[in-house]
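Scroll down for the structure; my scribbles are underneath it.
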Amino acid sequence: MTTTGRRALLTAGVSAAAAALAGCTSEAPGPRGPSAAELEAERVARAEAALRIRAVTASRTLLERYDAVLAAHPALAPLLSPLRRSVAAHAKALGEGGTTVRPATAAPTAPATSAAPTPAPVPVPVPVAADPRAALGELAAAEGTASDAHTAALLTAPPEYARLLASVAAACAAHAYLLTEGARA
């Protein structure tokens, strides 16, 4: 055998031994922790879910205010019913996307420790002004507050949801204007 052949054989043997040793000394396979990308994706998903819950809660709170005003002042139904339907559609649209959203009036419930049923949360009544014009003014202010909340959420919303929020915020601003004009009539 020539020197070149012996060196090649020796090099191949050393490489094989090194590979075998590397395989023996590597970490044993086990549960792998989440990667940085997976952690970031989870953080983004949680932030979006929280954003959706806040947006839907704002719309549902506004819907409850409409219901309270309609109950206190049924004569306002011709003016308020179309706007209320729009707000209900907004709440539904904002909640789509797989996010589970509790109603705005639901209180967190603790796990039951006994066999007795736990009472359902009691919704807090929404105060309504006795004067219909004042009630419309309060409803217009609530629409403005909802519009501001949806507009502020645009900064952190993903693109598709941001477009929806912008549309709902614009609709809330239009409702506030209509309610202000309705209060003058």
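Going through (1) of a type outside the set (Gly, Ala, Ser); (2) closer than 26 Å to residue 41 by Cα; (3) buried (at least 17 other Cβ atoms within 10 Å of the Cβ) one by one, residue 154 falls short only on (3).
Residues that are among the hydroxyl-bearing types (Ser, Thr, Tyr) and at pLDDT 90 or above: find the helices (runs of 4 or more DSSP H) completely inside the range 1-111 holding 1 or more of those. Where helices (runs of 4 or more DSSP H) fall fully within the range 1-111 and carry at least 1 residues being among the hydroxyl-bearing types (Ser, Thr, Tyr) and at pLDDT 90 or above, they are 36-72, 77-95. Restricted to the range 67-87, and to residues there that are in contact (Cβ under 8 Å) with a residue 24 or more places away in the chain and touching a Leu at 6+ places or on another chain (Cβ under 6 Å), the residue that is nearest to residue 170 (Cα to Cα) is 87.
Of everything in the range 143-185 that is in contact with a Ser or Thr (Cβ under 8 Å, 6 or more places away or on another chain) and touching a residue at least 60 places away in the same chain (Cβ under 8 Å), the residue that is farthest from residue 70 (Cα to Cα) is 165. Can you list residue pairs whose Cβ atoms sit under 7 Å apart, with the first residue in the range 113-142 being on the phi < 0 side of the Ramachandran plot and the second being modelled with pLDDT under 55 and part of a loop (DSSP other than H, G, I, E, B)? Count only pairs 6 or more apart in sequence or on different chains. Cβ pairs passing all conditions: 118/109; 118/112; 121/105; 121/106; 121/107; 123/105; 124/105. Within the range 136-156, the set of residues being outside any helix (DSSP H, G or I) and not β-branched (Val, Ile, Thr) comprises 154, 155.
The values are calculated or read from the model by the stated rules, or taken from the named source; none is laboratory data. Everything quoted here is computed from the prediction, not taken from an experiment. All Cβ positions, glycine included, derive from the backbone under ideal geometry; neighbour counts span all protein chains shown.
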